[in-house]
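So the structure is just underneath, and the comments pick up after that.
The values are calculated or read from the model by the stated rules, or taken from the named source; none is laboratory data. All values derive from a computational prediction rather than experimental measurement. Here the Cβ positions follow ideal geometry from the backbone for every residue, glycine too, while neighbour counts run over all protein chains shown. The protein model used for the area step is the full one, side chains on, heavy atoms only, and it has no ligands, DNA or RNA in it. Shrake-Rupley method; radii C 1.70, N 1.55, O 1.52, S 1.80 Å.
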Amino acid sequence: MENAVVFEKKSFIKRTKSMLKVDFKRLFLSRTFYIIVAACLVAPILIFVMTSMMDGSVSVNPQTGEETVIEGFDNVWQIIGSVNDPDANAENTSGDMAAMDMGITSMCNINMLYFGIAALVCIFVAEDFRSGYSKSLFTVRSKKTDYVMSKTIVMIFGAAMMVLAFFAGSLVGGAVSGVSFEMIGFNITNLVMCVLSKMVLVSVFVPIYLIMSVVAKQKLWMSILLSMMVGMFLFMMIPMLTPLNARLGHVLIGAVGGVGFGIGLGAISNLVLKKTSLV
């Protein structure tokens with residue numbers, strides 16, 4: 001009995017730390033992560049350069065003969081968000097909604113990045129199942145709860161880096177293309193809160209994309225398709241919760257939503273992994 005081997009049972013905290021260490025290492029050693037972040041950095045630069053070149057040009061509809069003047073960005077911050085007017089009445093609100101067209105400046109902004117985050121999450125989770133890493137992980141030692149929690153935290157970090165990269169690229173792109181940096185209706189503190197709120201809001205979307213990924217497993221196309229479809233329903237809340245004139249309350253709302261979605265959808269992801277095959 002003296003030579004009996006005693007296996008130490010790891011606590012939840014130790015298991016989580018171990019899992020986070022592995023997932024962060026896999027993230028930082030992945031070329032896909034750096035490619036995605038680099039794309040987020042370069043995208044706003046290209047957008048500013050292209051829209052500056054097209055600003056003022058006229059396009060003609062060959063069927064109706066209607067002329068449309070292409071307008072570029074008035075300032076750099078327009079690609080980051082818009083200013084919410086809390087004093088706007090119903091008439092002004094409806095007028096603003098009517099004025100929102102599907103032009104270049106309304107489509108090419110940081111909010112589209114939240115669909116790119118779906119690609120980040122889906123690629124990493126699909127690779128776990130495709131390579132057999134997840135199956136061996138669950139077979140040897142790790143619990144599915146640890147996997148879901150660790151993957152959620154690591155993907156939130158990765159998504160936040162994408163937001164920061166896009167913001168940095170916007171500053172570079174604005175300087176290169178000569179777009180104004182004038183702040184109208186907000187100040188530097190509001191801008192910081194705006195960027196923070198966008199970084200925190202990714203914690204709402206990541207659990208959504210994660211549950212779609214564990215449902216589709218190694219089928220990357222299916223996980224991305226499901227993520228895009230579900231994420232589209234929440235897309236309209238992004239500009240409302242992360243305006244340029246954001247305050248601390250906007251950051252806290254995003255944080256509370258992230259915790260709620262993380263716990264709720266994380267439990268569902270855990271249940272899906274338990275009830276379905278790992279291949």
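In table form, for the structure just shown:
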quantity	calculated
Proximal lysines relative to residue 275, as straight alpha-carbon distance under 26 Å, when same-chain residues fewer than 8 apart are discounted	9, 10, 14, 17, 135, 143, 144, 151, 217, 219
Extension reserve of the residue 11-residue 237 stretch, reckoned as 0.36 nm per residue once the Cα distance is removed	77.5 nm
Extension reserve of the residue 53-residue 219 stretch, reckoned as 0.36 nm per residue once the Cα distance is removed	55.8 nm
Extension gain (nm, one decimal) between residue 131 and residue 21, 0.36 nm per residue minus Cα-Cα	37.7 nm
Estimated inter-spin distance, residue 230 and residue 171, nm [label 7 Å along Cα→Cβ]	3.5
Probe 1.4 Å - accessible area at residue 66, Å² to nearest ten	120
Neighbourhood net charge (15 Å Cβ-Cβ; Lys/Arg +1, Asp/Glu -1) for residue 125	+3
Per residue Cα convex hull volume in Å³ - calculated over segment 202-279	75
Segment 119-176 versus segment 235-279: alpha-carbon centroid distance in Å	15
In range of the label at residue 64: residues from segment 106-125 whose backbone nitrogen is under 20 Å from the point 7 Å along Cα→Cβ	106-107
Per-residue SASA entry for residue 228, accessible area with 1.4 Å probe, Å² rounded to 10	60
Whole-number D in µm² s⁻¹ for segment 136-184, Kirkwood Cα-pair radius fed into Stokes-Einstein, 25 °C, 0.890 mPa s	177
Value in Å of the Kirkwood radius, where segment 108-166 supplies the Cα pairs that are averaged	12.6
Projected area averaged over orientations for segment 147-279, convex hull of C-alpha atoms, nm²	9.1
